[in-house]
Amino acid sequence: MNPATPVAPRPGRRVLRSLGSLSPAAASALTLALVIGGAGIADAATGGNFILGKANYESSKASLSNAKGTPLALSAPPGTAPLAVNRSAMVRNLNANYVGGLPATALKATGGDGIGRIAIALGGTQKEVVSTGALPAGVYYVTATAWLEVAAGDGYGLCYLARGSAPFVQLATGGGNWPSAATPGGHLQAAETLAVRVKAGDRLGEWCYAGGSSGSSALNAGITAIRILASSGAPPA
């Protein structure tokens, strides 16, 4: 470079020299104005800064990563969603704890059933003829049936639904009196249907009994319980 050729001062140096010639108060005011003015005219678009409290736009996808942990955390006041979207399109790989306020364990299809094909002798005391086995907590739609062979002299055969934890609390009943005194023995079909609330680990079963101990029996009993997510009525607690 020719020593005689003058060197043009850089723009940054000119700014610093200008600030140096100002009083400290004026220099601070000018610096603050430049910062605020720059933020005010900056457009938060592709390649720009993300401005909190402002509408931000971009024309290409942005990504956020954190090699040491969760890259993004959102918080909001009670009753306010921490995130909002404007489309119903499926978000791939999105894993959520709740759907409609229900956890995944409540959404999982579950239930229980049982079948009893061996004849069970009945007397005047209740006997469990079929059971679902232990169930997860929830409200269940349950139906049970049993084919009752009522012996002459017993007069009737009855069955009912109950929880395993309370076997003598009848939730729904089926069966009835033998309709004809001329033929005091024969067959009755017992059937019960109910929506019932069950605690975790409890079971549902069908209990049957006859009006005497003359040899009545229950056979071909079956029960099915399917957990439901909602009920229009209030099932037994």
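At-a-glance table
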quantity: Burial ordering of Lys108, Lys61, fewest other beta-carbon atoms within 10 Å first; calculated: Lys61, Lys108
quantity: Long-range Cα-Cα pairs in segment 111-228 (distance over 21 Å), rounded percent; calculated: 33 percent
quantity: Where trypsin sites (Lys or Arg not before Pro) fall in DSSP loop in segment 190-229, at most 13 other Cβ within 10 Å; calculated: Lys199
quantity: Distant-in-sequence amide H partners of Gly211 (H built 1.01 Å from N, under 5 Å); calculated: Tyr156
quantity: DSSP-assigned coil residues among chymotrypsin sites (Phe, Trp or Tyr not before Pro) in segment 101-199, each with at most 15 further Cβ atoms within 10 Å; calculated: Phe168
quantity: Amide H within-cut-off set for Gly116, under 5 Å, with H built and near neighbours excluded; calculated: Ala221, Gly222
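Coordinate-derived values only; no laboratory data. Just so it is clear, the model here is predicted, and its values are computed rather than measured. Every residue, glycine as well, gets a Cβ built from its backbone with ideal geometry; the counts of neighbours run over all protein chains shown.
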